[in-house]
């Protein structure tokens, strides 16, 4: 599934055109099958989740620790605020990439479903249905994991927001970020990443 930089550039341009049918038609003419496109979208999502895992691991560690004695409080607050912003941005990217995966998956499985309907024999229909089921079931598991990872991020972000708000209120102790929220988010991301890696391999080997 090697693609040239030109094709990747065209894919990006067409993806922003707002017309899914035209996008998939153009990509097909350029040599991109729908399975290739879905694998590409999942790879992008996987990369976004990996970035979120790295960012949340770093940010959660920062929010769990107290500033060092004699540290500049304003600088410590700004450091946390910047790190929170990066985590929030990575969470938004996870959501965006997951949506793109669903769009590509709907196109692929819609095409395969139409092929099942158009089967000219029972044997052909059975074979196509088996092919559909073989890829749809693990996709459902992957999508569930991606959604769970996405849903696990806001609680951790909310804890960070509460700590930042307390820092701006005089004589208010900054609450600690709940370690369970951070750990849950990181584990959910790791599971989704592992399933994405596995599914990409399966898609690249399909016909």
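Only residues that are crowded, with 21+ Cβ neighbours inside 10 Å and part of a loop (DSSP other than H, G, I, E, B) were counted across region 175-206, and they come to 1.
Just to be sure before I move on: is residue 118 farther than 26 Å from residue 146 by Cβ, in the same structural domain as residue 183 (by TED's automatic domain parsing) and modelled with pLDDT of 95 or more in the structure I sent? Taking the combined requirement at face value, the residue does not satisfy it. Given the structure, is residue 85 in contact with a helix residue (DSSP H, G or I) (Cβ under 6 Å, 6 or more places away or on another chain) and closer than 22 Å to residue 53 by Cα? So residue 85 fails the test. Region 1-87 holds helices (runs of 4 or more DSSP H) entirely within its bounds, and those carrying 3 or more residues that are surrounded by 13 or more Cβ atoms within 10 Å (Cβ to Cβ) and at pLDDT 95 or above map to 34-64. Taking region 103-128, which residues are under 30 Å from residue 155 (Cβ atoms) and surrounded by fewer than 14 Cβ atoms within 10 Å (Cβ to Cβ)? 106, the sole residue that qualifies.
To keep it simple, each residue is scored yes or no on (1) out of contact with any helix residue (DSSP H, G or I) (no Cβ under 9 Å at 6 or more places or on another chain); (2) farther than 15 Å from residue 56 by Cβ.
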| position | (1), (2) |
| --- | --- |
| 123 | yes, yes |
| 168 | no, yes |
| 183 | no, no |
| 188 | no, no |
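The values are calculated or read from the model by the stated rules, or taken from the named source; none is laboratory data. In this text, all values refer to a predicted model and were calculated from it rather than measured experimentally. Note that we place each Cβ from the backbone using ideal geometry, even for glycine, and neighbour counts take in every protein chain shown.
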